[in-house]
Amino acid sequence: MAHLVAPSILSADFANIQRDVEMINNSNADWFHVDIMDGVFVPNISFGFPVVKAIAKHAKKPLDVHLMIVNPDQYVQTFKEAGADVLTVHYEACTHLHRSIQNIKNTGMKAGVAINPHTPISVLEDIIAEVDLVCMMSVNPGFGGQKFIENTYHKVGLLKTLIKNKNSKALIEIDGGVDLNNYKKLLQSGADVLVAGNTVFSSSDPSKTISELKTFEFSL
């Protein structure tokens with residue numbers, strides 16, 4: 001399967017959000033990545049349901065919604081109604097992770113689990129066969145534009161092995177600090193989905209940058 005690129009709308013120009021949504025629609029991107037932050041689980045606040053609904057109204061590609069919030073279970077149905085196609089909750093925020101994943105799947109959405117940089121891959125052993133996506137944070141969550149954590153490559157390899165050993169179909173998504181200098185190494189390590197925010201939206205030609213992130217061939 002070809003890898004996916006999911007521009008992070010958090011880095012878009014919110015004074016021109018429809019313009020940036022249309023740019024992604026017309027680009028080679030695969031998903032919209034939408035970060036939801038509550039100021040409690042992470043030290044930042046992003047946006048809520050009205051903005052998600054506004055994005056979904058114009059988006060022609062799936063919404064990959066990443067919940068960086070406490071008590072995510074109480075909002076699952078509301079995010080479904082707002083237009084989410086993939087809903088990811090944090091391992092660190094879910095006391096009953098299996099139940100959370102099942103709640104998401106029961107709505108018809110794809111279910112993902114995210115892990116912070118300090119969280120070991122081993123905690124996913126009992127859930128990996130149940131999820132559609134693992135969002136591996138390659139920066140500490142909360143703010144865009146942070147420096148990429150180099151240990152991510154090693155963790156991707158460990159996660160790829162776990163997925164294979166457990167016969168899971170989960171995709172590996174990398175979120176944080178993805179740019180034109182490291183994306184190829186991430187793909188070689190086993191990543192399936194690249195989230196790119198600042199790299200795309202700070203570019204003089206965002207659509208071209210997305211196309212570059214989509215371009216990759218394994219060398220023999």
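The values are calculated or read from the model by the stated rules, or taken from the named source; none is laboratory data. Remember, predicted model here, so these are calculated numbers, not experimental data. Ideal geometry is used to build each Cβ from the backbone, glycine not excepted, and the neighbour counts take in all protein chains shown.
Structure notes:
- Just so you know, in segment 117-142 the residues that are surrounded by 20 or more Cβ atoms within 10 Å (Cβ to Cβ), at pLDDT 95 or above and not aliphatic (A, V, I, L, M) include one that is farthest from the chain's Cα centre (by Cα), and it is Ser138.
- Qualifying residue in segment 18-28 (condition: at pLDDT 95 or above, crowded, with 17+ Cβ neighbours inside 10 Å and among the charged types (D, E, K, R)): yes
- For segment 65-80, the criterion of being under 13 Å from Met109 (Cα atoms), surrounded by 14 or more Cβ atoms within 10 Å (Cβ to Cβ) and acidic (Asp, Glu) is met by no residue.
- Hey, Ser122 assigned to a loop (DSSP other than H, G, I, E, B) and at negative phi or not: no
- No other residue among Asp179, Asp126 is under 21 Å from His66 (Cβ atoms) and among the charged types (D, E, K, R) apart from Asp179.
- Selection of segment 81-120 for residues being under 11 Å from Cys135 (Cα atoms) and of a type in the set (Lys, Arg) yields an empty set.
- The single condition among (1) of a type outside the set (S, T, N, Q); (2) assigned to a loop (DSSP other than H, G, I, E, B); (3) buried (at least 22 other Cβ atoms within 10 Å of the Cβ); (4) touching a Gly at 6+ places or on another chain (Cβ under 8 Å) that Val195 does not meet is (2).
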